[in-house]
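Just below is one structure, and these are the notes that go with it.
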Amino acid sequence: MAQHFGAGASPFLIAGPCVVESDDLNLRVGEALAELAVKLGLHVIYKASYDKANRSRLQGARGPGPERGLAALAKVRAATGLPILTDVHETGQVSAAAQVADVLQIPAFLCRQTDLLVAAGRAGRAVNVKKGQWMAPEGMAGAVEKVRAGGAPEIAVTERGTFFGYGDLVVDMRNFARLRSACGTPVVYDGTHAVQQPGQGPEGSSGGLRDFIPPLLYAAAAAGADGFFLETHPDPDRAPSDGPNMIPLDQLVSIVSVALDVWQRARGAAPTALRGQGGVGVRSDGPAAPLARARK
């Protein structure tokens, strides 16, 4: 069985749109991610949710649902060769999702749901558990224990920030070391949901501060994250869900290249941001420029 959460030589990347959309868009993103994997020498996992069951408002965009969504994800897997990650929200979804997905993800709001965690562990797939926004890092040891009890072959824990006030999340950079120590798993940094502003967008949708994604990502790379989680879209401003905190697809390679360079330098390794044919050059002699808004 393929190893998805890395062996320490380089970070892994979980990336894709927030929700499953049209086949054309899904494949466009998947093909770009497959090219990035070759160019930068990274293990890339394609991420998209078939159902966002935890939207703030009843009318919030949720995606196409399990049947159509999983069929769409299977097409991406077949066309690109990328492994697939998708969320499961109920125990009854696990079996069907595991037929398509290589990695099952437990959303942050569900990270203490015992039956769901054990069921995901029993599916024979790698499992990524997102840390609840209200939880101390040491509290995630219990979530990992439940997934391990199910027998999951691989487990990762994702840091996506902690609630601060009523509209922001703040990432404590100490948490990468604390989560790794408490859970004994690789730790992922969710660079896009960390800048989400829940309920701050139009009509109660999620807002976000996209410009802060790169500097926080680079800080996490230096602070000890083993992998990166980045939602991306060709036109985030028109995305049906979480657009304000997604990276424009055409900027993803350059941002990940810098993160990879920082990750390697922080670990004393020689930078290898130039990978493969047509690799991307990385400048490390100055601060990163603000992330531009997606072109309309």
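What follows draws every value from the coordinates through simple rules; no lab data is involved. These numbers were taken from a predicted model, which means no experiment stands behind them. Every residue, glycine as well, gets a Cβ built from its backbone with ideal geometry; the counts of neighbours run over all protein chains shown.
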Legend entry - Hz values of 3J(HN,Hα) by residue in the range 9-25 - Karplus curve (6.51, -1.76, 1.60), Gly and Pro given as x: 6, 7, x, 9, 10, 9, 8, x, x, 4, 10, 4, 10, 6, 4, 4, 5
Inset, instruction - Give, as ranges by residue number, the residues of the range 82-103 whose backbone N falls under 19 Å from the point 7 Å along Cα→Cβ of PHE109. - result: 86-94
Legend entry - Within straight-line cross-link reach of LYS146, lysines at Cα separation under 21 Å, skipping those fewer than 8 residues along the same chain: LYS130, LYS131
Inset, instruction - Compute the distance in nm between two label points, each set 7 Å from the Cα along the Cα-to-Cβ direction, one at GLU145 and one at LYS75. - result: 4.4 nm
Legend entry - Long-range HN-HN contacts of PHE12 with modeled amide H, under 5 Å: GLY227, PHE228
Inset, instruction - Highest first, please rank the peptides 251-263, 70-82 by the mean number of other Cβ atoms sitting within 10 Å of their residues. - result: 251-263, 70-82
Legend entry - For THR192, distant residues with modelled amide H under 5 Å away: GLU231
